[in-house]
Amino acid sequence: MSALSFTCRKFVIAGCLLSLSTLAGAVDLQERLPERLSKVKAGEQQIVLLGKKAEVGKKAPAFKVVDAGFKQTELKDFKGKTVLISVVPSVDTGICSLQTKRFNTEVAKLPEDVVMLTISTDLPFAQKRYCQQEQIDKLIVLSDAVWRDFGSNYGLLIKDMGLLTRTVLIIDNEGKLVYQQMVDELAKEPDYDAALNALQQVISKS
């Protein structure tokens, strides 16, 4: 077996083990989190969300996620910056891809002290592949697959699916959650104009 083949097999095995580990963790987490019936629909069915909903006007809940290299990333890493978070169920689906591409385009127009993140529960391997294929190189794509910490702390984790519900959040440079747009249908794109106008208002006040 060549060294390259061996390395590839190691990554495949590691990915499978991580998938099993995160699935087991998600099941355990689901049993411990509060539930609420949301206004969000998947088709004709209302979805149940797990975790406590974050409140606009209050301090944004802390969270930890990982980047493509499995390096832990936390909200505090962006202290002093305005942060827009584009939350998607999976970057490998059509609507989520459109949303990610749109914000990747928009971030280039913004000041350097504004950060845009995309967060999903996709494995970091999948996110890295997607970003390379689609040339997503301006916003930061992060994974909530390891701990489901972001979804739990913001009340955005979908029960029985392990995915995040489509949302746009804005956190100002003082760490306060100032905007939350939870899309009422999983198969719909967010209102980009509303989110970007809200972001401009936050920037103008900072």
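The table that follows gives values for the structure above.
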read-out: Net +/- balance of residues flanking Gly175 in space, Cβ distance below 13 Å, scoring K and R +1, D and E -1; value: +2
read-out: Relative packing of 124-133, 189-198, which averages over residues the other C-beta atoms within 10 Å, highest first; value: 124-133, 189-198
read-out: Qualifying aspartates and glutamates (Cα of each under 14 Å from Cα of Lys205; at least 8 residues distant if same chain); value: Asp113, Asp172, Glu174
read-out: Peptides ranked, highest mean first, by Cβ atoms within 10 Å: ranges 31-37, 55-61, 164-170, 174-180; value: 164-170, 174-180, 55-61, 31-37
read-out: For the chain, calculated [θ]222 nm from helices alone, where every DSSP H run of n ≥ 4 adds -39500 (n - 2.57); value: -11500 deg cm²/dmol
read-out: Answer label, with Cα extents along the principal axes in Å calculated from the coordinates and candidates (i) 65, 35, 29; (ii) 60, 37, 31; (iii) 61, 50, 34; value: (ii)
read-out: Degrees, to the nearest 10: 94-106 long Cα axis against longest axis of the chain; value: 60 degrees
read-out: Local electrostatic count at Thr93 - Lys and Arg +1, Asp and Glu -1, tallied over other residues with Cβ under 13 Å; value: -1
read-out: Cα-based reach from Lys71 at 16 Å (exclusive), listing lysines while leaving out same-chain residues under 8 positions away; value: Lys128
read-out: Under 28 Å from Lys39, Cα to Cα: lysines that are on another chain or at least 8 residues apart; value: Lys52, Lys53, Lys58, Lys59, Lys64, Lys101, Lys159, Lys176, Lys188
read-out: Cα-based helix-to-principal-axis angle, 3-32 vs the chain, degrees rounded to 10; value: 50 degrees
read-out: Listed residue (Ser90, Val115, Val168) projecting farthest to the positive dipole end of the chain, Cβ model; value: Val115
read-out: In degrees, nearest ten, helix 124-134 long axis to first principal axis of the chain (Cα); value: 70 degrees
read-out: Highest to lowest packing among 135-143, 150-158, scored as the average C-beta count within 10 Å; value: 150-158, 135-143
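Bear in mind these aren't lab numbers, they're just calculated from the coordinates by the rules spelled out. Bear in mind the structure is a predicted one, so any value in this text is a computation, not a measurement. Cβ atoms come from the backbone with ideal geometry, glycine included; neighbour counts cover every protein chain shown.
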